[in-house]
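Contents: one structure, followed by commentary.
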Amino acid sequence: MDVDDLFASSGGLASFLSTTDWATMCSLGSRCLMAADYPLFRQGDEGEHAYVILSGAVKVVRGEAAGKSAILTIRGAGDVVGDLAVMDGGRRSGTVSTLTPMVVRVVSGASFKRFIERPSVTAAYAQYIVNRLRQSDVQRTEIAILPVRQRLARALLRLYVTADAAGGQRAFELPQQDLAELIGASRNAVVLALGVLRAEGVLDTHRMRVSILDVDALHRQAG
């Protein structure tokens, strides 16, 4: 698989909807501004609302009874979170919290389902869900077979795409432990890999902040 294929549908639900339908979705519910490191909802909560991300990024974390947790994915502008619990009436399968300051639309479950039931939206939403599943499969495969530096490069590219979609940024804040959880590696292994990429001029790091300096070089590392 070409590495570009891993990021071809990174615009979230917005990339599957028509411009008109996306504009309608962005008018649903209420507009909320949220600070970084704020929990939108927690694992086990009832799914009463869906959150449409207009700008910024969130991390999705799944915890187990033994006390350990792992970051499942990062979602950014154009994405929707909390939708599965709304659609099936179940409880939240993970904790979602903000990585950056964000603007979201908080949409009631009833309003969200009515919108998804529109003929022009139903098929697009199904494609979006399938794409999310495919991306999860890709990331699980990466964790199973790729070396740490290549996994890290792919994760950083996804973060870069998310940050870029949120406003042309090439920098984002994410603790090294979070990066380690995201790619299924130890923190020490991530520190070493970041050091190599920093020495090669691919990126710079400073107090939990990663800045991408050479996107083409990062693509080469990812591929």
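The values are calculated or read from the model by the stated rules, or taken from the named source; none is laboratory data. Predicted model, so just to flag it, every value in this text is computed and none were measured. Note: ideal-geometry Cβ built from the backbone for every residue, glycine included; neighbour counts use all protein chains shown. Heads up: the accessible areas ignore ligands, DNA and RNA and are worked out on the full protein's heavy atoms, side chains in. Shrake-Rupley method; radii C 1.70, N 1.55, O 1.52, S 1.80 Å.
Per-structure values
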read-out	value
Residue check for Ala171: open to solvent by less than 30 Å² (accessible area, probe 1.4 Å) and under 28 Å from Leu54 (Cβ atoms)	yes
Failed item in (1) at pLDDT below 95; (2) open to solvent by 20 Å² or more (accessible area, probe 1.4 Å); (3) among the basic types (Lys, Arg), with Arg114 passing the rest	(1)
Selection status of Gly78, surrounded by 15 or more Cβ atoms within 10 Å (Cβ to Cβ), assigned to a loop (DSSP other than H, G, I, E, B) and not basic (Lys, Arg)	yes
Residues of the stretch 95-111 that turn out to be under 13 Å from the mean Cα position of the chain (by Cα), over 11 Å from Tyr51 (Cβ atoms) and of a type outside the set (A, V, I, L, M), as a count	3
Qualifying residue in the stretch 117-125 (condition: farther than 17 Å from Leu28 by Cα, aromatic (Phe, Trp, Tyr) and either open to solvent by less than 30 Å² (accessible area, probe 1.4 Å) or in contact with a strand residue (DSSP E or B) (Cβ under 9 Å, 6 or more places away or on another chain) (or both))	no
Count of the stretch 174-223 residues which are open to solvent by less than 10 Å² (accessible area, probe 1.4 Å) and modelled with pLDDT under 85	1
Filter result (open to solvent by less than 30 Å² (accessible area, probe 1.4 Å) and either farther than 21 Å from Leu13 by Cβ or over 15 Å from the mean Cα position of the chain (by Cα) (or both)) within the stretch 62-72	Gly63
Residues satisfying the stated conditions in the stretch 81-104, i.e. closer than 23 Å to Thr162 by Cα, open to solvent by 20 Å² or more (accessible area, probe 1.4 Å) and of a type outside the set (Ser, Thr, Tyr)	Leu84, Leu99, Pro101, Val103
Residue that is at pLDDT below 90, assigned to a strand (DSSP E or B), buried (at least 21 other Cβ atoms within 10 Å of the Cβ) and in contact with a strand residue (DSSP E or B) (Cβ under 6 Å, 6 or more places away or on another chain), where the choices are Val107, Val52, Val58	Val58
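Matching residues to (1) in contact with a Ser or Thr (Cβ under 6 Å, 6 or more places away or on another chain); (2) touching a residue at least 12 places away in the same chain (Cβ under 8 Å); (3) of a type in the set (Phe, Trp, Tyr):
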site: Phe172; (1), (2), (3): no, yes, yes
site: Leu179; (1), (2), (3): no, yes, no
site: Ile183; (1), (2), (3): no, yes, no
site: Arg187; (1), (2), (3): no, no, no
site: Asp204; (1), (2), (3): yes, no, no
site: Met208; (1), (2), (3): no, yes, no
site: Leu213; (1), (2), (3): no, yes, no
site: Gln221; (1), (2), (3): no, yes, no
